[in-house]
Amino acid sequence: MDIYQLGLRPLLFNVLKSDPEWLHQQSIQFLSWLDRNAYRFPVTGLRDQLQRSFCLADTRLEQKLLPSEKFSPQLFPNPIGLAAGFDKNGVASGIWSTFGFGFAELGTVTLLAQPGNPRPRLFRLPADKAALNRMGFNNNGAEEMSGRLRAIWQGRPRPMPIGINLGKSKVTPLSDAASDYVESFRLLKEWGDYFVVNVSSPNTPGLRSLQDAPLLSGILSALQQENQGYKPILVKIAPDLEWDAIANVLAVASTHRLAGIIATNTTISRDKLQTEVIDETGKSVREEEGGISGAPLRDRSTEVIKFIWRETKGQLPIIGVGGIFTAEDAWVKITAGACLIQTYTGWIYEGPWMVRRILEGLLKKLDERGLSNISEAVGLEE
């Protein structure tokens with residue numbers, strides 16, 4: 001265990017009982033400041049120290065993935081990425097490699113700026129190593145993100161790929177969803193290395209219905225017409241879909257030449273939770289709306305990854321997310337068929353040394369099995 005797990009997390013979670021959303025906002029503001037001042041003394045020294053502590057570079061962890069029709073595959077320094085939801089507005093997009101991540105996904109961003117759902121809307125479930133959120137795509141909008149990413153990245157080399165997760169604006173009717181996604185993509189396509197169509201958040205009314213094959217097909221057709229093979233486009237699915245519904249999504253993905261699937265978003269299931277009551281509201285966890293992330297999602301997301309791997313015969317790249325806390329969790333996802341993995345809730349619970357610990361563990365797994373690259377482990381158990 002490290003100083004975060006032994007001291008800082010208990011202080012923030014148990015003693016100060018800090019509001020999760022307030023703490024998140026303070027963290028993002030600090031990380032944004034750290035990035036903006038990266039080349040000023042003494043921040044340069046601090047950033048170098050963070051990089052030495054949290055990063056691990058090894059060619060055995062590198063993969064070239066997610067080509068587009070017009071561009072070659074991208075180099076991912078390692079398979080661990082920051083999941084969408086943490087850096088909603090891309091304000092800290094230049095700092096994530098300093099914490100050891102091999103890629104980061106920004107957003108979810110919508111075409112129109114929106115405040116999200118009423119507070120409180122983010123809750124810790126420490127007994128379950130989980131979180132419940134009903135944020136509702138709170139963000140400053142695609143145009144603002146475009147300007148911010150231009151200011152951060154124009155003329156600056158990227159140490160890793162940056163993805164952008166696109167959602168539907170709450171006020172946009174479902175019938176106009178395709179044009180909403182397309183306009184966001186048009187504003188941002190210069191700044192994302194890959195794009196994700198988020199039709200699986202449980203916190204925007206009606207959004208999950210867009211996973212139905214005809215509606216999803218309309219969105220993807222419009223996006224690919226705008227895209228013209230320029231950027232890899234993926235879709236993020238819910239863990240609560242039935243197998244035939246997932247198979248239908250895969251058929252649509254094949255038809256529209258998607259670059260991959262992200263499995264999975266948060267779950268609306270409350271099965272097997274130890275938490276019974278949300279302290280902040282006094283209500284049963286079953287009465288509270290929102291999606292559950294973290295450890296309770298681990299097994300289901302892995303099952304979905306296995307299903308996709310089998311259905312596509314390993315030909316469609318999968319980014320696995322849900323319940324990753326340890327190297328063993330990461331290894332299970334990868335050997336189930338995920339070529340890349342993402343974390344958010346696990347990083348909150350385990351702290352900033354988590355990525356390095358997982359990478360060290362993955363290298364040990366490769367050594368134990370005589371493998372020369374992490375790509376050789378993808379789908380190994382299938």
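The values are calculated or read from the model by the stated rules, or taken from the named source; none is laboratory data. What you see is a predicted model, and the numbers here were worked out from it, not measured in a lab. Reconstructed Cβ throughout: ideal geometry from the backbone, glycine too, with neighbour counts over all protein chains shown. Areas reflect the complete protein model, heavy atoms only, side chains present, ligands, DNA and RNA absent. Shrake-Rupley method; radii C 1.70, N 1.55, O 1.52, S 1.80 Å.
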Original post:
Are any residues in the stretch 26-44 open to solvent by 40 Å² or more (accessible area, probe 1.4 Å) and either under 20 Å from P126 (Cα atoms) or not in a helix (DSSP H, G or I) (or both), and if so, which ones?
Top reply: S27, Y39, R40, F41, P42
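In the stretch 123-163, what count of residues is obtained for those that are assigned to a loop (DSSP other than H, G, I, E, B), open to solvent by less than 30 Å² (accessible area, probe 1.4 Å) and closer than 25 Å to K17 by Cα?
Looking only at that region, the number is 4.
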Original post:
Got a sec? Which strands (runs of 3 or more DSSP E) wholly within the stretch 45-93 have at least 1 residues that are touching a residue at least 60 places away in the same chain (Cβ under 8 Å), among the aliphatic types (A, V, I, L, M) and under 23 Å from I237 (Cβ atoms)?
Top reply: 63-65, 80-82
Original post:
Among the helices (runs of 4 or more DSSP H) contained in the stretch 324-382, which hold 2 or more residues that are closer than 21 Å to A259 by Cβ?
Top reply: 327-336
Original post:
Which pairs do you get when a residue that is more than 11 Å from A104 (Cβ to Cβ), found in the stretch 341-352, comes within reach of a residue that is modelled with pLDDT under 95, reach meaning Cβ atoms under 6 angstrom, with the pair 6+ apart or on two chains?
Top reply: G351/Y4; G351/Q5
**OP:** Filter the stretch 94-105 for residues that are part of a helix (DSSP H, G or I) and closer than 23 Å to N198 by Cα and give the result.
**Re:** W96
**OP:** Search the stretch 326-382 for residues being open to solvent by 60 Å² or more (accessible area, probe 1.4 Å) and of a type in the set (D, E), and hand back the single one that is nearest to S27 (Cα to Cα).
**Re:** E360
**OP:** Please specify each residue of the stretch 190-240 satisfying the condition of being in contact with a Pro (Cβ under 6 Å, 6 or more places away or on another chain) and of a type in the set (D, E).
**Re:** D193
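Which of the residues spanning the stretch 284-323 are assigned to a helix (DSSP H, G or I), within 23 Å of L61 (Cβ to Cβ), open to solvent by 20 Å² or more (accessible area, probe 1.4 Å) and touching a residue at least 60 places away in the same chain (Cβ under 8 Å)?
Quick first cut of the stretch 284-323, residues assigned to a helix (DSSP H, G or I) only: 295-312.
Within this subset, residues satisfying the condition of being within 23 Å of L61 (Cβ to Cβ) are 298, 301-302, 305-306, 308-309.
Narrowing the set further to residues that are open to solvent by 20 Å² or more (accessible area, probe 1.4 Å) leaves 298, 306, 309.
Hits for the stretch 284-323 are K306, W309.
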Original post:
Is there any pair linking a residue in the stretch 26-41 that is under 20 Å from L106 (Cα atoms) to one that is open to solvent by 20 Å² or more (accessible area, probe 1.4 Å) and hydrophobic (A, V, I, L, M, F, W, C), with Cβ under 7 Å and at least six apart or on different chains, and which?
Top reply: I28/V91; S32/V91
**OP:** Quickly run through the stretch 100-122 and pick out the residues that are crowded, with 24+ Cβ neighbours inside 10 Å and free of Cβ contacts under 8 Å to residues at least 60 places away in the same chain.
**Re:** A104
**OP:** Could you please give the count of residues in the stretch 175-215 that are open to solvent by less than 20 Å² (accessible area, probe 1.4 Å), without any contact (Cβ under 8 Å) to a residue 40 or more places away in the chain, in a helix (DSSP H, G or I) and over 24 Å from N117 (Cβ atoms)?
**Re:** 0
**OP:** Given the conditions (1) in contact with a helix residue (DSSP H, G or I) (Cβ under 8 Å, 6 or more places away or on another chain); (2) surrounded by fewer than 19 Cβ atoms within 10 Å (Cβ to Cβ); (3) in a loop (DSSP other than H, G, I, E, B), report the number of the one that T275 does not fulfil.
**Re:** (2)
